[in-house]
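Just so it is clear, none of the values below were taken in a lab; they were calculated from the coordinates. If you're wondering where the values come from, they're calculated on a predicted model, not measured in any experiment. Glycine also receives a Cβ, built like all others from the backbone with ideal geometry; neighbour counts cover every protein chain displayed.
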Amino acid sequence: MRVALICIDKPGHLHIRQENRPAHLDHIQSSGIVEMAGPFLTESGEMAGSLVILSVDTLDQARDWAANDPYAKAGLFQSVDIREWKKVIG
């Protein structure tokens with residue numbers, strides 16, 4: 001199944017994102033379950049959240065991935081929404 005993680009950063013926490021970005025990217029690479037990922041941007045072009053599409057067997061696997069994301073561990077996110085997602089186009 002595919003799962004979308006919709007993560008919104010806490011306001012004023014861009015420095016936390018920048019400090020933890022290398023570890024976050026390593027988490028993406030090493031897990032082997034990320035199909036697509038990228039940041040949400042503000043109108044001025046600053047990173048302000050993340051969209052991550054996972055290919056997993058269970059929602060618990062997605063929750064575990066999200067909980068172990070270095071961004072989450074660093075307290076970057078204001079909210080994390082985890083939803084099963086169906087790819088239709090692309």
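Condition check ((1) of a type in the set (D, E, K, R); (2) under 19 Å from E19 (Cβ atoms); (3) touching a residue at least 24 places away in the same chain (Cβ under 8 Å)) across all residues:
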site	(1), (2), (3)
I33	no, no, yes
L54	no, no, yes
A62	no, no, yes
W65	no, no, yes
P70	no, yes, yes
E84	yes, no, yes
K87	yes, no, yes
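The rows are residues; the columns are (1) touching a Phe, Trp or Tyr at 6+ places or on another chain (Cβ under 9 Å); (2) among the basic types (K, R); (3) part of a helix (DSSP H, G or I).
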site: I6; (1), (2), (3): yes, no, no
site: E35; (1), (2), (3): no, no, no
site: P39; (1), (2), (3): no, no, no
site: D64; (1), (2), (3): no, no, yes
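If you go through region 23-51 and keep only what is closer than 16 Å to A62 by Cα and hydroxyl-bearing (S, T, Y), you end up with S30, S31, S50.
For the structure I just gave you, tell me whether G45 is under 10 Å from the mean Cα position of the chain (by Cα), loosely packed, with under 12 Cβ neighbours inside 10 Å and not hydroxyl-bearing (S, T, Y). Let's see the steps before the verdict.
Numbers: under 10 Å from the mean Cα position of the chain (by Cα): no; loosely packed, with under 12 Cβ neighbours inside 10 Å: yes; not hydroxyl-bearing (S, T, Y): yes.
No: the conditions fail for G45.
Checked against (1) in contact with a helix residue (DSSP H, G or I) (Cβ under 7 Å, 6 or more places away or on another chain); (2) surrounded by fewer than 18 Cβ atoms within 10 Å (Cβ to Cβ); (3) farther than 23 Å from I89 by Cβ, I33 passes all but condition (3).
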